[in-house]
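The values are calculated or read from the model by the stated rules, or taken from the named source; none is laboratory data. On a predicted model such as this, the values are computed, not experimentally measured, just so you know. So basically every Cβ, Gly included, is an ideal-geometry build from the backbone, and we count neighbours across all protein chains shown. Side chains included, ligands, DNA and RNA excluded: accessible areas come from the protein's heavy atoms. Shrake-Rupley method; radii C 1.70, N 1.55, O 1.52, S 1.80 Å.
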Amino acid sequence: MTLKTLDSALEILKYYSKDKMSWGVRELAKATGKSHSVVHRILVTFEKHGFLQKDNETEKYELGLKFFEYGLIIQEKLKFKDMIMPYMNEIAEESRESVFFTMLDGTEGVCIAIAEGNRTIKFEVTIGTRTPLYAGASCKSIMAYLPKELQYKIIENGLHKFTENTTVDPDKLLEELEDVREKGWSHTIGEYTDDVVGISVPIFDHKGNIFASLTIAAPSYRITDEIAMECLRLLRKGAKSIQEKINSYRLTQSMGPI
């Protein structure tokens, strides 16, 4: 299998979602712009290996049990979600704003945990939301700590303007990332969503590598400079506790059962 064929096959999987969980060969070929024969071969191959299963009545293909198996593996890997929620809930209770835990996944940030504040108007984000690393506080506080070559790769792939405040000038973005790295936190206003303030701090793994961020987001009219500093204090305190918890868990796992 060539890289081009693999890329085409993986691209097809992206069309499966909660809103569209099954596809026929012809409709998927039309949606992807690929030939009927190419799509059919890819779907049959995925079915052969358990990644897709065919409904004999509708003749449409659905996600197979192999993804369920991998989901269980990921669920095991993400056990630390249970560890971090108490700290996130504490931050949400004290700040009264929503708190988000975003993990690095390739060139994107993925929201994997949310602690809601008690405000009536909230910044709506759902678990599983993916965001490019160059837009918004939660992702910029991750991108700032990536190797330069990966930063350049993200920029070369294109910078899309989500709002008037999204930075799409490469030189300016690199300056902003350097500023985030020097300060140790990110503060953005309306970069990914209009009129939303994001305050975020990086989270590092037990080896010191960036892998996530902890963020407070709220409507801009509620976040004064004074409140932003208080949010930063809460985030730094929470991030320190989360990192210590994760490191302790990793150490226990490496030692095995006592």
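Specify the residue that is least open to solvent (accessible area, probe 1.4 Å); the eligible residues are those in region 48-57 that are under 19 Å from residue 68 (Cβ atoms) and outside any helix (DSSP H, G or I).
Among them, the one singled out is 52.
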Search result, residues across region 17-47 that are assigned to a loop (DSSP other than H, G, I, E, B) and either without any contact (Cβ under 8 Å) to a residue 24 or more places away in the chain or in contact with a helix residue (DSSP H, G or I) (Cβ under 6 Å, 6 or more places away or on another chain) (or both) = 17, 18, 19, 20, 33, 35
Looking at region 93-199, what helices (runs of 4 or more DSSP H) fall wholly within it and have at least 1 residues that are surrounded by fewer than 19 Cβ atoms within 10 Å (Cβ to Cβ) and of a type in the set (Phe, Trp, Tyr)?
-> 148-156
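Has region 206-221 got at least one residue that is assigned to a helix (DSSP H, G or I) and over 19 Å from residue 125 (Cα atoms)?
Checked against the condition, which is being assigned to a helix (DSSP H, G or I) and over 19 Å from residue 125 (Cα atoms), region 206-221 yields no hits at all.
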Please verify whether region 228-243 includes one or more residues that are modelled with pLDDT under 90 and either closer than 18 Å to residue 84 by Cα or not in a helix (DSSP H, G or I) (or both).
-> yes
Here are some residues: 109, 117. Which one is in contact with a helix residue (DSSP H, G or I) (Cβ under 8 Å, 6 or more places away or on another chain) and at pLDDT below 85?
-> 117
Just name the residue that is modelled with the lowest pLDDT out of those in region 200-214 that are farther than 22 Å from residue 155 by Cβ and open to solvent by less than 70 Å² (accessible area, probe 1.4 Å).
-> 205
What do you reckon, is residue 241 of a type in the set (Gly, Ala, Ser) and touching a helix residue (DSSP H, G or I) at 6+ places or on another chain (Cβ under 7 Å)?
-> yes
If you scan region 3-16, which residues turn out to be open to solvent by less than 80 Å² (accessible area, probe 1.4 Å) and either in contact with an Asp or Glu (Cβ under 9 Å, 6 or more places away or on another chain) or part of a loop (DSSP other than H, G, I, E, B) (or both)?
-> 15, 16
Is it true that residue 67 is open to solvent by less than 60 Å² (accessible area, probe 1.4 Å), within 26 Å of the chain's Cα centre (by Cα) and aromatic (Phe, Trp, Tyr)?
-> no
